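Beneath this line is the structure, given in structure tokens, with notes to follow.
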Amino acid sequence: MDDYKFLFKVVLVGNAGVGKTCLVRRFTQGLFPPGQGATIGVDFMIKTVEVGNEKVKLQIWDTAGQERFRSITQSYYRSAHALILVYDISCQPTFDCLPDWLREIEEYASSKVLRVLVGNKIDREDREIPMHVGEEFAERHNMYFLETSAKESDNVERLFMQIAEDLMKQARMTNIPRYDPNSQNINDSTSNDSSCCSRLN
Amino acid sequence: MTTDINYSDIEAKCLQELQKLKLEEENLVSELNSMVNQKTFIEDKIKGLSGLIPKLKVMKNEAEDLVFTVNDISQSSEKISGKIRKLDTARGHVDECLLRVNDLIDLEICSQGVQQAILDLDYEKGAAHVHRFLSMDQSLLKKTANDMNNVSNMLKSVRTLQEAAAQLRAIVEHKFSEAVNNEDLGSIERFFKIFPLLGMHEEGIKEFCTYLRIKLALTADKNLKSAINTPLADKRYSIIYADTLILLFEGLARIVDTHQPLLETYYGPGRLLSAVTILQKECDNQVKRILMEWTKTRQIQRKIQQITELSRMSSSASFSKIEKIDPKDMDILIGEITLMHFRCELYIKFLQRKIMADIEVGISDREQKEKTLKQLDQLVLNSTLSQCKHDLLSHYLQLEQYFMEESVAKAINMDILEASQHTSSMVDDTFFIIRKCIRRSISTGSLDGICVIINNACRVLENDYCTVLKARLKQGYPSGYLDLSQAYNVLQNSIQQGRLQSGDTEQSRTAFIVALNNADNSTEYVTALCDSIMKEIEAACPNLNANERGKLESCLSGLSSVSASLTEIIEYGFQQLKSTAIKPRINPWMDNFLNFSHQLTEDELSAYEAGESFAQTLIMNLETLLSSFKEILSSNNYDHFIQVLTVEVTQRFEKVIMKSQFNRLGGLILDKEVRSLAGYITSGTYWSVRDQFARLTQIATILNFDQVSEINDYWGNVDGSITWRLTPTEIKSILYLRVDFKSDDIKRLRL
Ligand SMILES: Nc1nc2c(ncn2[C@@H]2O[C@H](COP(=O)(O)OP(=O)(O)O)[C@@H](O)[C@H]2O)c(=O)[nH]1
Ligand SMILES: [Mg+2]
């Protein structure tokens, strides 16, 4: 049986081809997939990690970037605990689309969602977006920022672990048990399953 | 001198000598005798041996002969094996020669026959000759040509055949297209079979499938035209484009099914992908045309645009000004889309299954097989059909989302409370809609589609539905005494109009209670929904892999957070009810305890028991209160109500006890009264409330002691010890309530 204490949903968004699928594969399977096709709809992967001796289950939703799949991918924003917005540092248009993605996040995601901006493919020589530009954008929009390479496995582990740690911290803070000795447990079954995660949003 | 020295000595010596000699003689004679005796034996032997001599001579000759023969044999056997080796090579040469001769003969025959066959228009025969020629080892033919004196003859035959092959190829291609033009089915099939004989497999497949394409296009064209011209009144008007799409797919499937055996027989297995790749182009064309007409006729773009605008506006103020599309009008269209999507999915699955089976049989090389399977993936992935399918799903999801949101909003707006119902119509209606939408998503055949609709359902339930319930409870339950069951009956009508006038206490109360019942009933609906859709999905998609199952379960877990929201709402409702309906009623009833004296004489005790006791009055009041709520609350809520009430009663009871003073008889009465109260409340519910009475019962027990030391029968490591809900300090302060207990005794107690 699964014996994790925390379960978090992490959703990756961003233009097609920026390397979302590669980031997820690198993190969950430790490989850089050669020539896989574009993602259709959403893909779903699970990885359990340990944060300070606690098992944390990450449910990672890898979405398709194309417009055609938007009505599928949008429906996953609401229950996300963390959203990773990815662009390609060697491709200006993927950076230019970020405001559109933010609008979508604003519209569909929970206001409390943890938002992370990721500039991927830093192994490439033909960088178009300087690091400080990404950093400034993230700061302006109240997001975490990280540059990664799924190919060279740079910062990938760190990205997801950082998210797991942050979400756990958040969950612990929101879940301070409000014990009221006067109101006895009236419905025991529900008091158990109001776990940290369903409470987050 | 010495001559006469001693004759006797000499004589003696001579005698001695003589004796010696005599002995010697005897020995010699006996030896001689024995020798003479042996002589005959030896002579016999010598005679025997001399008899052997001629035989030995023969043997020697024979042995010499033998050596000679063996040498001879070894030499000749060496010669033989060499010969055999030579023979083998010779036979190889002979075989090759035979082949070459055969080839030459056939070459001759073919070259002669092919011309005649062409002249006779017997293309099968001609092609068979060419096929024979093509099956010859062309390099061997060249070698033959080099070895032969009569080169020109042979080269001539080869040239003839090469020319004939080219000629036949041209003829067959020409004749095939002629047959196509004449729609001469017999000839089409005839020449289709000749292509592979001429080594033109790919060309044959291409020509033939192109022909099938044209036929397919004609039929599809006709079908589309008739779809476009279908009158509005037609029974199938509303799904006519789904029908057209189905006709197309069925036609394609029939083509694949009927021609695959033909292809396999004449072209060999493993070539279905080539054929389907060509057919797919026409399929893509037609699907695109059908969907374009469909989009136009059903005004899909306009509708999608309208609902996107609506959803954008809904967050702004001017929302109500826009004309909405009635979700009911969309119902049929959504049905048509699901059908279309399902059929696309089905056809793609059909193709994949057929082609994969053909590759399995026809291609044995592992690498080649993998390459071909990848080509199949690419064919499907890059097809217009797949893209159209994705577009259909996207349209479906947007329309379904609108349908769900709007229908649920409508169900909430038209909420009606039927007489003698605990819940109002919005509960049944909402869950009917949600179930309908999820069922419809299952009929698309797309797991992604199902997941999205489940996600949307969770959002609508949590955001729209739960919010309304919560808002109704937020209005609160107006306090002030009124016979609730009466109010309930009178006011059922007013809520039916959905117009609740503020300030109308009874209406507000009913609205509150109904919302509370709705929330309770909804939790049951959510659980049932979760179970039933899981079963339905398993029946519709029996081959889900672990990953797909995980995806689905993750989406379904959204429903449990709906349950959690509902439970929170119910909890919130009871907090409201507690502060306005329970506390204000109960407190005065409990405080009435202070109006009684708890230090009684025996006479006063009998008088108290004869009259109306505190507990009797309290139970009567509680009975009135409970019965009014029992009628209107759902059974879960009623139990919940009793729980809340019990907590209030026992806590308040504790408070008034602590404000009173007791003597022995007062304690006795209290103990009795607590028991009867606990008995009364326990009888009204299947929940165990006994636990909630534990503290109160223990307080009464203490106040009912004969003396202070009696506590030692219950406290600590003794037989009668109980699980105390009271702290030692609390126990002591309770003991102080007994006026007849000495405070020194209490102080001295070690607990
Ligand atoms: N150089 C480089 N290429 C990458 C990296 N990550 C992804 N790619 C390539 O970018 C392309 C698109 O990647 P994919 O993960 O499918 O993008 P997605 O559409 O966002 O899921 C693929 O060809 C990958 O090989 C990276 O870190 N470095
Ligand atoms: Mg991808």
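The values are calculated or read from the model by the stated rules, or taken from the named source; none is laboratory data. All values derive from a computational prediction rather than experimental measurement. A quick note on method: Cβ atoms are made from the backbone with ideal geometry, for glycine too, and the neighbour counts reach across all protein chains shown. Keep in mind that these areas ignore ligands, DNA and RNA; they rest on the heavy atoms of the full protein, side chains included. Shrake-Rupley method; radii C 1.70, N 1.55, O 1.52, S 1.80 Å.
Here are some notes:
- Scoring A:Phe32 on the criteria (1) within 15 Å of ligand 2 (Cβ to nearest atom); (2) among the aromatic types (Phe, Trp, Tyr); (3) assigned to a strand (DSSP E or B) leaves a single failure, condition (3).
- Selection within region A:40-52 - within 22 Å of B:Cys388 (Cα to Cα) and in contact with a strand residue (DSSP E or B) (Cβ under 6 Å, 6 or more places away or on another chain): A:Val42, A:Asp43
- In region A:33-49, residue farthest from the other protein chains (Cβ to nearest Cβ) [restricted to those that are within 11 Å of ligand 1 (Cβ to nearest atom) and either of a type outside the set (A, V, I, L, M) or within 19 Å of A:Ser153 (Cβ to Cβ) (or both)]: A:Pro33
- Helices (runs of 4 or more DSSP H) wholly inside region B:273-386 that include at least 2 residues being within 30 Å of B:Asp464 (Cα to Cα), at pLDDT below 90 and in the same structural domain as B:Cys209 (by the TED database): B:300-313, B:327-362
- None of B:Asp671, B:Asp744, B:Asp706, B:Asp691 is open to solvent by 50 Å² or more (accessible area, probe 1.4 Å), in contact with a helix residue (DSSP H, G or I) (Cβ under 9 Å, 6 or more places away or on another chain) and of a type in the set (D, E, K, R) except B:Asp706.
- Sole exception among (1) under 23 Å from B:Ile453 (Cα atoms); (2) within 16 Å of ligand 2 (Cβ to nearest atom) for A:Cys97, by number: (1)
- Of all residues in region A:80-97 being more than 16 Å from ligand 1 (Cβ to nearest atom) and open to solvent by less than 10 Å² (accessible area, probe 1.4 Å), the one that is farthest from the other protein chains (Cβ to nearest Cβ): A:Ala82
- As a summary of the residue check, B:Ala242 satisfies the conditions (1) touching a Phe, Trp or Tyr at 6+ places or on another chain (Cβ under 9 Å); (2) open to solvent by 70 Å² or more (accessible area, probe 1.4 Å) except for the one numbered (2).
Here's the yes/no breakdown for (1) among the hydroxyl-bearing types (Ser, Thr, Tyr); (2) within 19 Å of A:Val24 (Cβ to Cβ):
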site	(1), (2)
A:Ser90	yes, no
A:Thr94	yes, yes
A:Leu98	no, no
A:Arg103	no, no
A:Tyr108	yes, no
A:Val113	no, yes
A:Val118	no, yes
A:Glu125	no, no
A:Ile129	no, no
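- In the condition set (1) more than 17 Å from B:Ser660 (Cβ to Cβ); (2) more than 53 Å from the chain's Cα centre (by Cα), B:Ser733 is compliant with all but (1).
- Residue selected from region B:187-215 under the condition surrounded by 21 or more Cβ atoms within 10 Å (Cβ to Cβ) and of a type in the set (Phe, Trp, Tyr), by the criterion nearest to the chain's Cα centre (by Cα): B:Phe208
- Scanning region B:251-275 for residues being buried (at least 19 other Cβ atoms within 10 Å of the Cβ), farther than 27 Å from B:Glu336 by Cα and hydrophobic (A, V, I, L, M, F, W, C) gives a total of 4.
- Boolean, B:Arg652 is open to solvent by 40 Å² or more (accessible area, probe 1.4 Å), under 21 Å from B:Thr580 (Cβ atoms) and basic (Lys, Arg): yes
- Among the criteria (1) open to solvent by less than 10 Å² (accessible area, probe 1.4 Å); (2) touching a Leu at 6+ places or on another chain (Cβ under 8 Å), the one A:Thr73 does not fulfil is (2).
- Residue within region A:114-134 that is more than 16 Å from ligand 2 (Cβ to nearest atom), touching a residue at least 40 places away in the same chain (Cβ under 8 Å) and among the acidic types (Asp, Glu) present: no
- The residues in region A:33-54 that are open to solvent by 10 Å² or more (accessible area, probe 1.4 Å), farther than 30 Å from A:Lys169 by Cβ and in contact (Cβ under 8 Å) with a residue 24 or more places away in the chain can be counted, and the count is 3.
- Residues of region A:14-28 that turn out to be assigned to a helix (DSSP H, G or I) and either of a type outside the set (Ser, Thr, Tyr) or within 6 Å of ligand 1 (Cβ to nearest atom) (or both), as a count: 8
Residue-by-condition table, conditions (1) under 25 Å from the mean Cα position of the chain (by Cα); (2) open to solvent by less than 70 Å² (accessible area, probe 1.4 Å); (3) of a type in the set (Val, Ile, Thr):
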| residue | (1), (2), (3) |
| --- | --- |
| B:Leu556 | yes, yes, no |
| B:Met590 | no, yes, no |
| B:Asp603 | no, no, no |
| B:Ser613 | no, yes, no |
| B:Asn621 | no, yes, no |
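- Check on A:Met168, under 24 Å from A:Val56 (Cβ atoms), out of contact with any Gly (no Cβ under 7 Å at 6 or more places or on another chain) and at pLDDT 95 or above: no
- Among the residues of region B:337-392, those identified as of a type in the set (Val, Ile, Thr) and within 13 Å of another protein chain (Cβ to nearest Cβ) are B:Ile337, B:Ile348, B:Val380, B:Thr384.
- Residue selected from region A:100-113 under the condition away from every other protein chain (no Cβ under 14 Å) and open to solvent by less than 50 Å² (accessible area, probe 1.4 Å), by the criterion nearest to ligand 2 (Cβ to nearest atom): A:Trp101
- Just so you know, in region A:50-76 the residues that are in a loop (DSSP other than H, G, I, E, B) and closer than 18 Å to B:Leu393 by Cβ include one that is nearest to ligand 1 (Cβ to nearest atom), and it is A:Gly65.
- Residue within region B:408-425 that is touching a residue at least 60 places away in the same chain (Cβ under 8 Å), buried (at least 19 other Cβ atoms within 10 Å of the Cβ) and in contact with a Phe, Trp or Tyr (Cβ under 9 Å, 6 or more places away or on another chain) present: no
- Taking first residues from region A:10-32 that are away from chain B (no Cβ under 14 Å) and partners that are more than 9 Å from ligand 1 (Cβ to nearest atom) and among the basic types (Lys, Arg), the Cβ contacts under 8 Å between residues at least 6 apart in sequence or on separate chains come to A:Phe27/A:Lys47.
- Among residues of region A:55-79 that are facing chain B (nearest Cβ under 9 Å) and among the aromatic types (Phe, Trp, Tyr), those with a Cβ under 8 angstrom from a residue that is in a helix (DSSP H, G or I) and away from ligand 1 (no atom under 12 Å from the Cβ), sequence gap 6+ or separate chain, pair up as A:Trp61/A:Tyr76; A:Phe69/B:His390; A:Phe69/B:Ser394; A:Tyr76/B:Asn455.
- In region B:200-239, the residues that are touching a residue at least 60 places away in the same chain (Cβ under 8 Å), of a type in the set (S, T, N, Q) and closer than 21 Å to B:Asp329 by Cα: B:Ser238
- Just one residue in the set A:Ala16, A:Ala64 is within 14 Å of ligand 2 (Cβ to nearest atom) and open to solvent by 10 Å² or more (accessible area, probe 1.4 Å); that residue is A:Ala16.
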